[in-house]
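What follows is a set of notes on a single structure, which appears directly below.
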Amino acid sequence: LVASLEQVEQSYIMIKPDGVQRGLVGDIISRFEKKGFKLIGLKIFQCPKELAEEHYKDLQSKPFFPKLIEYITSGPVVCMAWEGVGVVASARKLIGATNPLQAEPGTIRGDLAVQTGRNVVHGSDSPENGKREIALWFEEGELVPWTPVQEPWLR
Ligand code: RTP
């Protein structure tokens with residue numbers, strides 16, 4: 001009942017090229033699934049340069065921006081839209097700190113990565129950005145906002 005009063009949000013989660021190349025896709029998806037979030041969008045996708053630049057436009061002035069764009073477009077990514085109560089902040093916790101050496105064990109980056117520039121996964125930093133990024137990476141028809149049939153723990 002308490003949870004039903006809380007806001008259902010959406011987060012854009014993306015497995016970066018290193019996560020795909022290293023065979024971590026199943027492990028990463030599994031963590032969000034087991035936590036209790038609902039997968040409403042999923043695809044493997046070769047990101048064009050323009051889309052990477054749009055996604056990371058707030059970081060345009062950073063010295064690492066060109067390398068970041070090169071990294072994100074270096075191979076296919078796995079694009080995901082996840083839905084649930086508090087999914088944005090919770091996903092950031094599951095993902096761990098930006099620098100994997102500072103990420104706690106048990107988090108995706110804490111368990112699976114060592115370099116900031118190779119930190120395997122992206123997660124939206126606010127519900128507003130979750131919506132914006134899902135609209136940026138998915139066509140409308142690619143999202144499936146399904147309703148659980150018998151499982152009362154997923155909403
Ligand atoms: P993300 O957007 O990928 O979820 O990462 P984040 O919020 O944890 O980190 P943010 O500061 O938004 O940076 C975006 C991504 O840029 C790369 N980065 N490289 N000093 C560096 O070389 C550096 N700093 C950031 C990382 O891939 C980071 O995830």
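Read-outs: derived from the displayed coordinates by stated rules, not from any lab. Because the structure is predicted, anything quoted here is derived from the model rather than measured. Reconstructed Cβ throughout: ideal geometry from the backbone, glycine too, with neighbour counts over all protein chains shown.
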Expected 222 nm ellipticity per residue - DSSP helices of 4 or more, -39500 (n - 2.57), all of the chain, to 500
-10000 deg cm²/dmol
For Ser124, other-chain or 5+-apart residues with amide H closer than 5 Å (H placed, Pro excluded) are Tyr12
Rank these for me by crowding, Thr147, Thr116, going from fewest to most other beta carbons within 10 Å.
Thr147, Thr116
Order by neighbour count: Ile44, Ile69, Ile95, Ile13, fewest other Cβ atoms within 10 Å first, most last.
Ile44, Ile69, Ile95, Ile13
So, R0 is 30 Å and r is the distance between the beta-carbons of Lys49 and Val85; what FRET efficiency does that work out to, to 0.05?
0.25
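Among the listed pairs Lys34/Lys131; Lys38/Lys93; Lys67/Lys93; Lys57/Lys93; Lys67/Lys131, give every one whose C-alpha distance is greater than 19 Å.
On the way: Lys34/Lys131 23 Å; Lys38/Lys93 17 Å; Lys67/Lys93 25 Å; Lys57/Lys93 23 Å; Lys67/Lys131 26 Å.
With Cα atoms farther than 19 Å apart: Lys34/Lys131; Lys67/Lys93; Lys57/Lys93; Lys67/Lys131.
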HN-Hα couplings for region 127-142 via Karplus (6.51, -1.76, 1.60; θ = phi - 60°), in whole Hz with x for Gly/Pro, come out as x, 5, 5, x, 4, 4, 6, 5, 5, 6, 9, 10, 7, 3, x, 7
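Can you give me the relative contact order of region 41-155 as a percent, contacts being Cα pairs under 8 Å and 6 or more apart? Write down the numbers at each step before the final one.
Details: 122 pairs, mean separation 27.7, N = 115.
24 percent.
Within region 1-79, report the chymotrypsin sites (Phe, Trp or Tyr not before Pro) that DSSP leaves as loop and that have at most 16 other Cβ atoms within 10 Å. If you can, show how the numbers build up before the last one.
Numbers: sites: Tyr12, Phe32, Phe37, Phe45, Tyr56, Phe64, Tyr71; in loops: Phe37, Tyr56, Phe64.
The qualifying sites are Tyr56, Phe64.
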Mind jotting down the distance between the C-alpha centroids of region 64-87 and region 89-117, whole Å?
14 Å
Shape category assigned to region 35-155 from the gyration tensor of Cα positions, a/c cut at 1.5:
oblate
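Rounded, prolate or oblate: which fits region 1-68 when a ≥ b ≥ c are the square roots of the eigenvalues of the alpha-carbon gyration tensor, with rounded for a/c under 1.5 and prolate only if a/b beats b/c?
Working: a/c = 2.64, a/b = 1.54, b/c = 1.72.
Oblate, because a/c is 1.5 or more while a/b does not exceed b/c.
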Taking neighbour Cβ counts within 10 Å as the exposure measure, how do Lys34, Lys131, Lys16, Lys43 sort from fewest upward?
Lys34, Lys43, Lys131, Lys16
Hey, rough spin-label estimate for Trp146 and Glu128, points 7 angstrom out along Cα→Cβ, what's it come to in nanometres?
3.3 nm
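For Lys35 and Gln7, what does the FRET efficiency come to when R0 = 30 Å and r is the distance between their Cβ atoms, rounded to the nearest 0.05? Please list the in-between numbers first.
On the way: r = 17 Å, r/R0 = 0.56.
Approximately 0.95, to the nearest 0.05.
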